[in-house]
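Asks: Supplied in structure tokens, the structure appears directly below.
Just so you know, all these numbers are worked out from the coordinates, no wet-lab data involved. Since the structure is predicted, the reported quantities are computational estimates derived from the model, not experimental observations. When we count neighbours, we look across all protein chains shown, and the Cβ atoms used for this are built from the backbone with ideal geometry, even at glycine.
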Amino acid sequence: MGQSIELLVNGSKRSVNAGPDDFLLEILRDDLGLPGSKFGCGEGECGACTVIVDGAHTKSCILPLSAVEGKAIRTVESLANGETLSPLQDAFVEEDAMQCGYCVSGMLMAATALLEKNKNPSEREIRDHMRGNICRCCAYPRMVKAIQRAAKTMRGEKS
Amino acid sequence: MSAFLSRRALLKRLGGGLLVAVLGPRVLAQRESGRGGQRQGGNVPQNLAAWLHIGADGVATVYTGKVEVGQNARTALSQSVAEELCVSVASVKMVMGDTDLCPFDQGTFGSRTTPAMMPQIRRAAATARETLLELAAKKMGVERSALRAENGKVFRLIGSNGAEFSYAELAREIPPDLVIPSEVKLTPASEWKTMGKPTTKVTGRAIVTGTHGYTVDHKLPGMLYAKVLRPLALKAELVSANTSEAEKLEGVRIVRDGNFLAVAAPTARLADKALITIKSDWKETPQPSNKELVGILRGSEAPATEAMPAAAKQLKASYMCPFIAHVPLEPRAAVADWDGKKMTVYTGTQRPFGVRGEVAQALGIPENQVRVIVPDTGSGYGGKHTGDAAVEAARISKALGKPVKLMWTRNEEFTFAYFRPAGVVDLSAGANADGTLAFWNYTNFNSGGAGLNSPYAVENPRQLFKQADSPLRQGSYRALASTFNHFARETAMDELAVACGMDPLAFRVKNLRNERLLAVLQAAAEKFGWGKTKPAEGRGYGLACGMEKGGYVANVVEVQADKNAGQVRVMRCVTVFECGAVVNPLHCENQVVGSVIQGMGGALFEEIEFENGRITNGWMSRYRVPRYTDVPQQLDTILLDRKDLPSAGAGECAIVAIAPAIGNAIFAATGERLRSLPLRFST
């Protein structure tokens, strides 16, 4: 096709054969070898595709590349530090905050964005912030617990 | 390569050298499940080798035709093997849902994994353990009773002289034709060391790092992305299609076979672009809308005009539920690979062997030339019994001779997948002055027979199910018709209680003989504080109970309801659940809580709207499902762990009581009796 766009993904410059109107989710999954972000609806409604762009969590399935040129994109693949899981990832595992797991990548990105801005969110704040992410298995209560647990760890408090 | 040879070749690579049992699967008829019993098909082998293999590294590989769809079967089954084999959960590897490698299985539905598959693989594991002990006993020159197995090793109970054998060493000598006896002693629940524990999901790490491979994550060299041309209306027939613009796009291939027209391209975005260029004409047939649903479901059946039997209090009522969608977050998808002789399909389905038959039939090839592999899947809830995406991907792959990935869009999910059946219940019932039931005449139109039979004591109940000519494709759903039958019954019981001037709890207790159901009901009422407090203004308390697939559930809820504002909020919910001996309390609770919250969707929001063959709300933005903000502030979930009873499944039952509990609470709060799902005030 001849079109080429440069993106900043997980700290690296990546070049893709895609146009400004192509959506970020497909590029991440199919072109950049980052299949952690998932397709759930293509409408920006379910949050399975959630990534972080310049610190704000956003739905990559409806995000055209033109909107992210020059911006720092982070996906679920950026959370772990080598073999070491992030506090949120660890909390989701320990609290078993998942059933089929399909929504978890999106949940982690939305929650990461929250905890980077709010170190001590109330339960109400967590639910409101996470409202854009659907878990059809309805594992919500454990996810709230996991987010609270991670926040505690990140504040340096013991569980 | 036939299924037989490929399995043997794999085992050779594993280094076990065990003979492969010849699996003799039969073709299962393709039909939607959920209408009662499943046809038995296929031979289930009892050779140990078909189920369990211990490798040179000491890892126990177990083969099961069950699949993981989020209900935690993988972890629970691993625990059950670890228990009987006396190894750690980490050293058990489950191979699930691979039709080449796993023994025939009807499908993962009906809450059968725990009561049927788990004992099967426990018997296999126990047989392996005993065989290893016997082998060790021979080598050590002692009685088997002098030895014990622990953590993958066999050693002496007392007076160890250092002699011990690892499973890996001993496994080489397991007779290749060893048969699992039909009677095998299994570890009783009171002695469980691994079962009964809250083990976290064995795939947890893969899931949180985004490295777990769902169907759509599979990539094969030379793979094409495919899209199927869909009609704008259900049941429409393709009259003509102009693909000339699509054919001009470089890399785009077209597959056409009657009504079936698909495009395939090296990228999904190119396939999308190609699809949009196709101009097509379809012949539509007029179809009804959901506004006409009740009449359609009752069919030509005239409402009963016969006089009701005499009773102190009589109730004549009709209840209704719409079609609802499963909305699995992973849309159905398949990656199909035709290599010239064999079709391999990765797909998320609850019936790998059934889908193998569907694919074979669609392609006109024998079943042993089809292999279906089910990766741990992004949920099903009863909605992924059929192989729709698998058949489509397979057809395209065979036509093009290339691997093909096909994923349904969310709109395709809402339109072309089958729904939970809509239903109408006509009821006439009566109560005596003392609160006992006098008569019970109950007819369910279309929704189904699951949960049809009332657990309440009454003489000569008349309980009928009548199939209707459904305007939409329908099939299995979590707990099937039990969701609606419990709504109708538990609402009616509440109405009768009110008519008798009796407390709804006391009225039920008076008419219940089932001890396990009574236990969950009374425990839930106790936890909630039923009868102890009065609700605040604008709030009400409601309860309901039910049983399904060997499980028992009760919900007591507090709702805040405002008829004028048309608002209902569930403020508090108590759930008590019992299913015999709990295999994994963490996952059991997750399934129960998940069922209850998912059930809130069917109770309060969910409804498929349709007109003239179109699903008019078939988008995530138009079909509301429960979100974080819908979860009750206070959620109390109690599992009654009955170690004295056999373990039943826990994936379905807990969804059945929440809708009537909420409906009953709405009545208590507002005096408004709602008999249709979803529960909403008519404005």
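Asks: In nm, to one decimal, how far is the modelled label at B:GLU672 from the one at B:ALA137, with both set 7 Å along Cα→Cβ?
Replies: Placing both labels 7 Å along Cα→Cβ, they lie 7.1 nm apart.
Asks: Additional query: How much FRET efficiency would the formula 1/(1 + (r/R0)^6) give for B:ASP562 and A:ASN118, where r is the Cβ-Cβ distance and R0 is 35 Å, rounded to 0.05?
Replies: Values: r = 31 Å, r/R0 = 0.90.
Efficiency at R0 = 35 Å is approximately 0.65.
Asks: What share of the DSSP beta bridges in chain B is antiparallel, in percent to the nearest 5?
Replies: Values: 78 of 104 bridges.
The antiparallel fraction comes to roughly 75 percent.
Asks: Can you give the FRET efficiency to the nearest 0.05 for B:ASN460 and B:SER88, using r as the Cβ-Cβ distance and R₀ = 41 Å?
Replies: Using R0 = 41 Å, I get an efficiency of 0.15.
Asks: Sticking with this one: Using the crude model of +1 on Lys and Arg Cβ and -1 on Asp and Glu Cβ, and no other charge, please compute the dipole size for the range A:32-159 relative to its Cα centre, in debye to 20.
Replies: 300 debye
Asks: Oh, and also: For the range B:409-477, what relative contact order do you get, as a whole percent, if you take Cα pairs closer than 8 Å and at least 6 residues apart? Each step should come with its number before you reach the end.
Replies: Details: 113 pairs, mean separation 24.3, N = 69.
Once divided by the residue count of the range B:409-477, the mean separation gives 35 percent.
Asks: Then there's this: With each label point set 7 Å from Cα along the Cα-Cβ vector, what nm distance links A:ASP21 and B:ALA536?
Replies: Each label point lies 7 Å from its Cα, and together they span 5.3 nm.
Asks: Obtain the nm distance between the two label points defined at B:SER145 and A:ILE62 by a simple spin-label model: each point lies 7 Å from its Cα along the Cα-to-C-beta direction.
Replies: 7.2 nm
Asks: Moving on. Return the average number of partner chain Cβ atoms within 10 angstrom of each residue Cβ along peptide B:209-219. Walk me through the intermediate numbers first.
Replies: Values: counts 13, 18, 6, 7, 1, 6, 0, 5, 4, 1, 4.
That works out to 6 on average.
Asks: Grab the Cα-Cα distance for B:ASP636 and B:THR277, subtract it from 0.36 nm times how many residues apart they are, and report the gain in nm with one decimal.
Replies: 123.9 nm
Asks: Here's something else I'd like to know. Gap in Å between the Cα centre of the range B:348-413 and the Cα centre of the range A:122-156?
Replies: 35 Å
Asks: Consider a paramagnetic label point 7 Å from the Cα of A:SER4 along Cα→Cβ; state which residues of the range A:19-49 have an amide N under 19 Å from it.
Replies: So the set is A:19-22, A:27-28, A:31-33.
Asks: Positive end of the charge dipole of chain A (Lys, Arg +1 and Asp, Glu -1 on Cβ, about the Cα centre): tell me which of A:MET107, A:ALA18, A:VAL144 has its Cα farthest that way.
Replies: A:VAL144
Asks: Calculate the dipole size of the range B:177-274 relative to its Cα centre from +1 charges on Lys and Arg beta carbons and -1 charges on Asp and Glu beta carbons; express the result in debye to the nearest 20.
Replies: On the way: 14 positive and 10 negative charges, 80 e Å.
Rounded to the nearest 20 debye, it is 380 debye.
Asks: Cut-off under 20 Å on the C-alpha distance; same-chain residues fewer than 8 positions from A:LYS13 excluded. Which aspartates and glutamates are left, in chain and number order?
Replies: A:ASP21, A:ASP22, A:GLU26, A:ASP30, A:ASP31, A:ASP54, A:GLU69, A:GLU77
Asks: For B:ALA544, list long-range residues whose amide hydrogen, built 1.01 Å from N in the peptide plane, is under 5 Å from its own amide hydrogen.
Replies: Those qualifying (amide H under 5 Å, at least 5 residues apart or on another chain) are B:ASN555.
Asks: When the Cα centres of the range B:651-683 and the range B:289-309 are compared, how far apart do they sit, in Å?
Replies: 22 Å
Asks: Hey, can you grab everything whose amide H is under 5 Å from the amide H of B:VAL372? Only 5+ residues off in sequence or another chain; H modelled, so Pro and N-termini drop out.
Replies: B:THR99, B:ASP100, B:VAL345
Asks: How much length is gained on full extension from B:GLU284 to B:LEU186, taking 0.36 nm per residue of separation minus their Cα-Cα distance?
Replies: Numbers: separation 98, 0.36 × 98 = 35.28 nm, distance 5.87 nm.
Once the chain is fully extended between B:GLU284 and B:LEU186, it gains 29.4 nm.
Asks: Take every DSSP beta bridge with both residues inside the protein assembly as shown and express the antiparallel ones as a percent of the total, to the nearest 5.
Replies: 75 percent
Asks: Let me check against my output: what whole-number percent is the relative contact order of chain A, with C-alpha pairs under 8 Å and at least 6 apart?
Replies: Taking the mean separation of contacting Cα pairs over the length of chain A, I get 22 percent.
Asks: Listed here are the pairs B:LYS341/B:LYS398; B:LYS341/B:LYS402; A:LYS71/B:LYS405; B:LYS235/B:LYS283; A:LYS38/B:LYS405; B:LYS219/B:LYS342; which of them are more than 20 Å apart at the Cα?
Replies: Violating the 20 Å limit, Cα to Cα: A:LYS71/B:LYS405.
Asks: Charges on Cβ only, +1 for Lys and Arg, -1 for Asp and Glu, centred on the Cα centroid of chain B; of B:GLY401, B:VAL95, B:ALA149, which one is farthest towards the dipole's positive end?
Replies: The Cα lying farthest towards the positive end belongs to B:GLY401.
Asks: Considering only the other residues whose Cβ falls under 15 Å of the Cβ of B:GLN634, what net charge follows from Lys and Arg at +1 and Asp and Glu at -1?
Replies: +3
Asks: Still on this structure, I have one more. Ordered by residue, what ³J(HN,Hα) values in Hz, to whole numbers, does the range B:425-430 give under the Karplus form 6.51 cos²θ - 1.76 cosθ + 1.60, where θ = phi - 60° and Gly and Pro are x?
Replies: Each residue of the range B:425-430 in turn: 10, 9, 10, 10, 8, x Hz.
Asks: To continue, here is another question. Can you give the FRET efficiency to the nearest 0.05 for B:VAL239 and B:ARG473, using r as the Cβ-Cβ distance and R₀ = 22 Å?
Replies: Between B:VAL239 and B:ARG473 the formula returns 0.50.
Asks: Next question. Evaluate the charge dipole of the protein assembly as shown about its Cα centre and quote only its size in Debye, nearest 20, assuming +1 on the Cβ of each Lys and Arg and -1 on the Cβ of each Asp and Glu.
Replies: 620 debye
Asks: Report the one residue of B:ASN460, B:ASN485, B:ASN411 whose Cα lies farthest in the direction of the positive end of the charge dipole of the range B:409-499 (charges on C-beta: Lys and Arg +1, Asp and Glu -1; origin at the Cα centre).
Replies: Result: B:ASN411.
Asks: Over chain B, what is the mean sequence separation of C-alpha contacts under 8 Å (at least six apart), divided by residue count, expressed as relative contact order in percent?
Replies: Averaging sequence separation for qualifying contacts and normalising by length gives 14 percent for chain B.
Asks: Suppose we flag GluC sites (Glu not before Pro) only when DSSP calls them loop and at most 16 other Cβ atoms lie within 10 Å. Which is the longest uninterrupted stretch of chain B? Don't jump to the answer; show the numbers that get you there.
Replies: Working: sites that count: B:GLU32, B:GLU143, B:GLU173, B:GLU183, B:GLU250, B:GLU284, B:GLU301, B:GLU306, B:GLU459, B:GLU537, B:GLU609, B:GLU672.
The segment B:307-458 is the longest one with no such site.
Asks: Students often get this wrong: which residues of the range B:76-94 have the backbone nitrogen under 16 Å from the point 7 angstrom along Cα-to-C-beta of B:GLU130?
Replies: Those under the cut-off are B:84-86.
Asks: Please list, in order along the range A:66-73, the HN-Hα scalar couplings obtained from phi with the Karplus expression 6.51 cos²θ - 1.76 cosθ + 1.60 (θ = phi - 60°), rounded to whole Hz, x for Gly and Pro.
Replies: Residue by residue, the range A:66-73 yields 4, 7, 10, 4, x, 9, 7, 9 Hz.
Asks: Which residues among the range A:38-61 fall inside the zone where the amide N is under 17 Å from a point 7 Å beyond the Cα of B:ALA206, along Cα→Cβ?
Replies: A:38
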